[in-house]
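Visitor: Sharing a structure, written as structure tokens. Questions coming.
The values are calculated or read from the model by the stated rules, or taken from the named source; none is laboratory data. Because the structure is predicted, anything quoted here is derived from the model rather than measured. Please note: Cβ atoms are built from the backbone with ideal geometry, for glycine as well, and neighbour counts cover all protein chains shown. We work out accessible area using only protein heavy atoms, side chains counted, and drop any ligands, DNA or RNA first. Shrake-Rupley method; radii C 1.70, N 1.55, O 1.52, S 1.80 Å.
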Amino acid sequence: DGRLTFYPGNQTVDLPFINFMKRYGTVFLNAYTNSPICCPSRAAMWSGLFTHLTESWNNFEGLDPDYVTWMDLMEKHGYHTQKYGKLDFTSGHHSVSNRVEAWTRDVDFLLRQEGRPMVNLTGDKKHVRVMEADWQNTDKAVNWIKEEAINLTQPFVLYLGLNLPHPYPSPYAGENFGSSTFLTSPYWLEKVTYDAIKIPRWSSLSEMHPVDYYSSYTKNCTGEFTKQEVRNIRAFYYAMCAETDAMLGEIISALRDTGLLKKTIVVFTADHGELAMEHRQFYKMSMYEGSSHVPLLVMGPGMKEQQQIPNPVSLVDIYPTMLDIAGIPVPRNLSGYSLIPLLRGKAENKVSPRGPRPSWVLSEFHGCNVNSSTYMLRTGQWKYITYSDGRSVLPQLFDLTADPDELTNIAIKFPVIVHSLDKILRSIVNYPKVSSSVQEYNKRQFTSWKQSLGQNYSNVIANLRWHQDWLKEPKKYENAIDKWL
């Protein structure tokens, strides 16, 4: 959650290396994902293109494996490149359930797709390496810096992708029941200031936006949660962020120990945030700040120190920025704009051939846990969220200056602002057309999957993650699918 990198969010947990990057570099106060889920978000970051252009609609539909990423271009221009950890931009390692849930979101049924979110404390106060796989990848990156990077005669670019901070599958319930455990150890939990944890307002189900209601239900968050449960989920999430920060620290320390830190640019960001029980939801897949607002910090030679940038930026800006750093000509067809003028603290007087950076960012979502394609335009004080064809579902408008917790939808109150923001959005993306093509894609994918199962179809679909609901009335739900098709 990007809000943890600046005040007041940063009061809840100790993130020493994020703070180090702020002191010696720049923090972006309004950085957003272009799609709040792993694979589509990463596809946007690696390609520099919006989701409706990559057509990475869900965690299985990523970039074409042959796509030329910014790292490929840097390698072509003489950089030594190295990748470790989670990439997830061609396809995600997710269950069949994830796939089918994304395709069937237009079906007229409500089924719980996740296990109820919970916490799990493991080990003792000496247990530092909770997320072993991430630590192993961090070790590989550290060793590479100390053994390889130090001896290179050419410039290098190193990528390290962590899975943290991320809720994990509940082990006792098996993969089919869903991912819902916030896992940490007492060592990391001590880094969290419990008193500073804000308990989100718990909306009644009847006053929720219909898409939020669907999300809350499928994420198994419509039941009762005590304040203590909510506080714990949030605290454990923040503790997981502290563990992530320590991995960042290992990279910064390795660069410092080898004398490379002064001549290396370090970028820290994330593919999406975590709602951690805001708006009666956990996970991502939402345009609310907890899910869509990501961290973005940059430090290194030529980057301004102790700078806070309020301009809205997004992950598609990484591609042109990396090329700009390397002095490689930036292709004109990109959705993003280089961050270098902002990072160097210069007014953008040297306007790029494409003109000045726009004052808005776009995010869109077409995957599971949300029953409609969703589009978010963020500009100035406003966040405008619209759905599907722009008519069948009510839009949302939030004034983030007056209402940072996004509790009051003022779309009906300000029709003129809604109209003008919608006009900007339609000039960027013909969203009713995109929504329609995603609906067609979902039907095609589901139909071919169904045909591939043959006689097994009824049994397989009944036993996906929603099995607890489905098995009560399997015929009813199969009929709903037939009707949709």
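Visitor: Touching a helix residue (DSSP H, G or I) at 6+ places or on another chain (Cβ under 7 Å), under 27 Å from E61 (Cβ atoms) and either modelled with pLDDT of 95 or more or β-branched (V, I, T) (or both), is that true of D134?
Guide: Working: touching a helix residue (DSSP H, G or I) at 6+ places or on another chain (Cβ under 7 Å): yes; under 27 Å from E61 (Cβ atoms): yes; either modelled with pLDDT of 95 or more or β-branched (V, I, T) (or both): yes.
Here the answer is yes, as D134 does meet what is asked.
Visitor: With respect to the numbered conditions (1) under 27 Å from F365 (Cβ atoms); (2) crowded, with 20+ Cβ neighbours inside 10 Å, which one is the sole condition not fulfilled by A254?
Guide: For A254, the failing item is (1).
Visitor: Further question on the same structure: Residues to consider are D124, D106, D139; find the one that is closer than 30 Å to F236 by Cα and part of a loop (DSSP other than H, G, I, E, B).
Guide: Exactly one residue qualifies, and that residue is D124.
Visitor: Would a scan of the stretch 36-48 turn up a residue that is assigned to a loop (DSSP other than H, G, I, E, B), in contact with a helix residue (DSSP H, G or I) (Cβ under 9 Å, 6 or more places away or on another chain), within 17 Å of M322 (Cα to Cα) and at pLDDT 95 or above?
Guide: Yes, the stretch 36-48 contains at least one residue that is assigned to a loop (DSSP other than H, G, I, E, B), in contact with a helix residue (DSSP H, G or I) (Cβ under 9 Å, 6 or more places away or on another chain), within 17 Å of M322 (Cα to Cα) and at pLDDT 95 or above.
Visitor: Return only the number of the condition from (1) touching a Cys at 6+ places or on another chain (Cβ under 8 Å); (2) open to solvent by 20 Å² or more (accessible area, probe 1.4 Å); (3) within 20 Å of N220 (Cα to Cα) that A102 does not satisfy.
Guide: Going through the list (1) touching a Cys at 6+ places or on another chain (Cβ under 8 Å); (2) open to solvent by 20 Å² or more (accessible area, probe 1.4 Å); (3) within 20 Å of N220 (Cα to Cα), A102 breaks only (2).
Visitor: Does L339 satisfy the condition of being of a type in the set (A, V, I, L, M), under 20 Å from the mean Cα position of the chain (by Cα), farther than 18 Å from L400 by Cβ and buried (at least 24 other Cβ atoms within 10 Å of the Cβ)?
Guide: So L339 passes the test.
Visitor: Another question about this same structure. Any residue that is under 27 Å from S204 (Cβ atoms), of a type outside the set (V, I, T), within 23 Å of the chain's Cα centre (by Cα) and not assigned by the TED database to the domain that holds N333 - is there at least one of those in the stretch 454-466?
Guide: In the first step, residues of the stretch 454-466 are kept if they are under 27 Å from S204 (Cβ atoms); the result is 465-466.
Of the ones still in play, those that are also of a type outside the set (V, I, T) are 465-466.
Among the residues that remain, those that are also within 23 Å of the chain's Cα centre (by Cα) are: 465.
With not assigned by the TED database to the domain that holds N333 added as a condition, the list becomes 465.
Checked the stretch 454-466: at least one residue is under 27 Å from S204 (Cβ atoms), of a type outside the set (V, I, T), within 23 Å of the chain's Cα centre (by Cα) and not assigned by the TED database to the domain that holds N333.
Visitor: Moving to a separate point now. Of these, P358, P320, which one is at pLDDT 95 or above and part of a loop (DSSP other than H, G, I, E, B)?
Guide: On the way: P320 fails: part of a loop (DSSP other than H, G, I, E, B).
When all the criteria are applied, what remains is P358.
Visitor: Which ranges mark the helices (runs of 4 or more DSSP H) fully within the stretch 387-485 that have 1 or more residues being free of Cβ contacts under 8 Å to residues at least 24 places away in the same chain and either touching a Phe, Trp or Tyr at 6+ places or on another chain (Cβ under 8 Å) or surrounded by fewer than 16 Cβ atoms within 10 Å (Cβ to Cβ) (or both)?
Guide: In the stretch 387-485, 415-428, 431-453, 457-462, 474-484 are the helices (runs of 4 or more DSSP H) which contain 1 or more residues that are free of Cβ contacts under 8 Å to residues at least 24 places away in the same chain and either touching a Phe, Trp or Tyr at 6+ places or on another chain (Cβ under 8 Å) or surrounded by fewer than 16 Cβ atoms within 10 Å (Cβ to Cβ) (or both).
Visitor: Is it true that V298 is open to solvent by less than 10 Å² (accessible area, probe 1.4 Å), assigned by the TED database to the domain that holds L152 and assigned to a strand (DSSP E or B)?
Guide: Criteria met by V298.
Visitor: Let me ask you something else. Name the one entry in Y213, Y217 that is within 30 Å of D108 (Cβ to Cβ), within 24 Å of the chain's Cα centre (by Cα) and open to solvent by 70 Å² or more (accessible area, probe 1.4 Å).
Guide: The unique qualifying residue is Y213.
Visitor: Could you check how many residues of the stretch 23-35 are over 24 Å from G380 (Cβ atoms) and either in a loop (DSSP other than H, G, I, E, B) or open to solvent by 10 Å² or more (accessible area, probe 1.4 Å) (or both)? Walk me through how you get there before you give the answer.
Guide: To start, the set of residues in the stretch 23-35 that are over 24 Å from G380 (Cβ atoms) comprises 23-25.
Next, only the ones that are either in a loop (DSSP other than H, G, I, E, B) or open to solvent by 10 Å² or more (accessible area, probe 1.4 Å) (or both) stay: 23-24.
Selection size over the stretch 23-35: 2.
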